[in-house]
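The values are calculated or read from the model by the stated rules, or taken from the named source; none is laboratory data. Note that the structure is a prediction, hence the values are computed from the model and not measured. Neighbour counts run over all protein chains shown; Cβ positions are idealised from the backbone, glycine included. Heads up: the accessible areas ignore ligands, DNA and RNA and are worked out on the full protein's heavy atoms, side chains in. Shrake-Rupley method; radii C 1.70, N 1.55, O 1.52, S 1.80 Å.
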Amino acid sequence: MLAACAPAHPAPPANLIRFSIAADPQTLDPLFIHPDAASVEQQLARLMFEPFLDFDARGNAVPALLAEIPTDRNGGVSADGRTIVFRLRHGVRWSDGVPVTSRDILFTLHAILDPRNPVRSHEGYELIDRATARGDDTVVLHLRHAWAPAVATYFSYGVVPQAVLPAHLLAGAGPLAQSPFGAAPVGDGPFRLLWWHRGEGLRYAPNVRYWQGAPQVGLDVRIAPDPSTNLVMLQSAQLDWNLIAPSQLTTLRGNDRLWFLRAPSAVVAGLAFNTARAPFDDPTMRRAVAMSIDRAAISRKITLGYYPVANSIQPPFSWAYDPSIRQPAYDPAGADRLFSAAGWHRDPAGILQKNGRAFEVLYVQFPESNTGVRVAAAVQAALRERGISVEVKSISNAQLFMPRTGALATGRFDVAYVPWTMGPDPDDSAVLACDGTSNYMRWCDPAVTALESAALVHTDKSARRGLYRRIASIAAREVPILYLFDADYTYAYVRGLQRFDPGPFVPTWNAWMWRRAKGAGALVRTNTAE
């Protein structure tokens with residue numbers, strides 16, 4: 001009888017917010033963040049470290065560690081764009097009580113450029129030819145030439161790093177890659193690490209010295225790569241919030257414990273064609289395959305329309321987004337004509353062949369994405385209709401995106417499902433330039449690379465917008481990537497969770513504001529004006 005009277009779910013801890021991440025982090029040191037589709041280490045870095053600039057739920061830049069955003073108007077950026085003055089916020093301390101100063105900035109900068117530290121990408125830091133301190137609260141960077149993304153990227157939301165490191169703990173300790181700091185870091189952000197149980201989870205406590213005030217709750221972060229496991233954990237009240245796939249929304253809508261929030265993200269998902277392998281080295285074949293896939297149907301059936309069809313790498317909220325750009329439309333008959341013109345013909349069994357060779361495709365995707373798994377099945381079926389055999393290989397998120405040894409880095413695929421996370425600046429050279437670190441397609445168009453270089457040295461926004469329009473037009477025509485959709489993410493969260501407002505780059509940007517209270521409100525809300 002007592003058991004029958006018990007609540008369906010135990011009451012959540014009042015001083016703890018619980019959520020999950022898609023993989024066990026490899027490190028907690030923001031200098032060595034590993035890019036992946038779920039931005040696992042980026043999410044965790046924001047819990048313990050302050051970036052120079054943060055970006056709110058609408059993608060607007062707000063100063064975090066900086067007292068103000070450097071501009072030409074306030075004297076923070078010189079007329080030629082080569083000198084940038086960063087003024088630190090007063091009163092910021094590391095969690096051990098030591099003040100954050102210009103010494104920490106200079107130390108971190110030297111660590112980034114130290115060849116003994118295997119930083120995967122310097123993301124413009126190599127352009128700095130001189131860095132000086134003006135007292136404890138000001139750092140001046142002099143660049144070899146103007147670099148448009150500098151203010152939004154340095155010590156903020158570039159590939160690496162995303163934060164400043166404590167010089168008083170690390171200076172003189174040798175290469176950071178050999179330091180235990182990555183397993184037990186000391187930060188200047190809202191939380192401090194209590195423990196990290198590999199493969200299971202992490203626990204954070206409020207940083208009582210945080211400059212915006214100590215958070216009201218601690219954090220319990222679970223490691224759950226399987227989307228189905230996350231769904232069960234939400235349903236059984238083991239999580240307070242989680243990103244959900246559109247297909248899971250129908251399952252959860254009847255749960256009166258949950259609210260749902262739609263938020264724009266910087267993620268643009270697409271199919272990367274390996275242009276180093278035949279027949280995807282031929283743009284005609286890439287266009288034919290693109291015309292074989294009904295992207296509108298994928299958006300409608302798999303994402304329930306929550307993820308609109310994309311045609312470029314720029315997310316819709318970017319100032320460089322151009323809605324006039326269009327990739328090849330779904331046209332099966334047109335695709336067949338292109339295949340035939342390229343010498344591919346169907347045998348009596350309906351299989352595309354050329355010179356006795358069947359058209360076979362190795363397609364790789366990661367199982368942690370419920371949407372990605374369903375996309376793979378849809379693409380496999382669509383290409384089968386055109387006589388193309390598709391082998392789908394599932395590789396874990398961490399392994400797929402592993403630098404140097406992962407399937408994307410080594411080129412062991414023909415087609416890959418990839419969600420690219422764009423930064424606050426529209427710079428897309430990492431994806432589309434010949435030497436781009438995320439150019440998994442191995443596509444090299446000298447004209448595009450030249451345009452990318454020009455866009456990075458221009459400081460005029462209208463000029464840069466025109467350059468990115470030209471880049472997007474070439475990419476749409478040559479199709480090294482068939483863009484599928486822009487991800488407008490849906491989050492499920494318990495009704496008692498307040499001030500949960502995920503941003504387009506990381507959902508943890510305002511974690512210090514989260515709190516638990518009894519709340520009431522609409523079942524579905526959005527953090528954008530729709």
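Some points to look at:
- Apportionment of accessible area to carbon and sulfur, the range 208-365, percent (1.4 Å): 52 percent
- A convex hull fitted around the alpha carbon atoms of the range 13-94 yields 171 Å³ per residue.
- Dipole-positive endmost among Ile17, Thr83, Gln42 within the range 8-127 (Cβ charges, Cα centre): Ile17
- Amide H partners (placed H, <5 Å) of Leu497, local residues excluded: Ala517
- Theoretical FRET efficiency, 1/(1+(r/R0)^6), r = Cβ-Cβ of Ala276 and Asp72, R0 35 Å, to 0.05: 0.25
- Rounded to the nearest Hz, the phi-derived 3J(HN,Hα) couplings of the range 431-440 under the Karplus curve 6.51 cos²θ - 1.76 cosθ + 1.60 (θ = phi - 60°) are 9, 10, 6, 4, 9, x, 5, 10, 7, 5, where x marks glycine and proline.
- Calculated on C-alpha atoms, the gyration radius of the range 374-530 divided by its Kirkwood radius gives an Rg/Rh of 1.04.
- Distance in nm between pseudo-label sites at Arg262 and Ser396 (7 Å out along the Cβ direction from Cα): 3.5 nm
- If R0 equals 60 Å, the separation of the Cβ atoms of Asp226 and Ala79 corresponds to a calculated FRET efficiency of about 0.65.
- Beta bridges assigned by DSSP with both partners in the chain are antiparallel in approximately 75 percent of cases.
- Rounded to the nearest 10 square angstrom, Arg82 shows an accessible area of 90 square angstrom against a 1.4 Å probe.
- Gly270 long-range amide H proximity, modeled H, under 5 Å: Val418, Trp420, Leu484
- Once the 1.4 Å probe is applied to the protein heavy atoms, the chain comes out at 40 Å² accessible per residue.
- Where the Cα pairs of the range 106-155 fall when distances are cut into 5 Å bins, in %: 4, 18, 31, 26, 16, 5, 0
- Interatomic Cα distance distribution for the range 133-242, bins of 10 angstrom, percent: 11, 27, 35, 19, 8, 1
- Sum of side-chain charges, Val164 neighbourhood, beta-carbon under 9 Å (Lys, Arg +1; Asp, Glu -1): -3
- Diffusion coefficient (Stokes-Einstein, Kirkwood radius over C-alpha pairs, 4 °C, 1.567 mPa s) for the range 337-407: 95 µm²/s, rounded to a whole number.
- Note on the range 242-339: Kirkwood radius taken over Cα pairs, Stokes-Einstein applied at 25 °C and 0.890 mPa s, translational D equal to 154 µm² s⁻¹.
- Rounded to the nearest whole Hz, the Karplus-based 3J(HN,Hα) values (6.51 cos²θ - 1.76 cosθ + 1.60, θ = phi - 60°) of the range 265-282 follow the sequence 10, 8, 8, 10, 9, x, 9, 7, 8, 6, 6, 8, 10, 5, x, 7, 6, 9, with x at glycine and proline.
- In Hz, Karplus ³J(HN,Hα) per residue of the range 144-154 (6.51, -1.76, 1.60; θ = phi - 60°; x = Gly, Pro): 5, 8, 4, 9, 4, x, 3, 4, 7, 10, 4
- Interchain or long-range residues, amide H under 5 Å from Leu88's placed H: Ala67, Thr138, Val139
- A convex hull fitted around the alpha carbon atoms of the range 405-494 yields 142 Å³ per residue.
- Modelled FRET efficiency - R0 35 Å, Arg326 with Asp347, Cβ distances, 0.05 increments: 0.55
- Computed from the alpha carbon atoms alone, the convex hull of the chain holds 160 Å³ per residue.
- The charge dipole of the chain, taken about the Cα centre with unit charges on the Cβ atoms of Lys, Arg (+1) and Asp, Glu (-1), comes to about 800 debye, rounded to the nearest 20.
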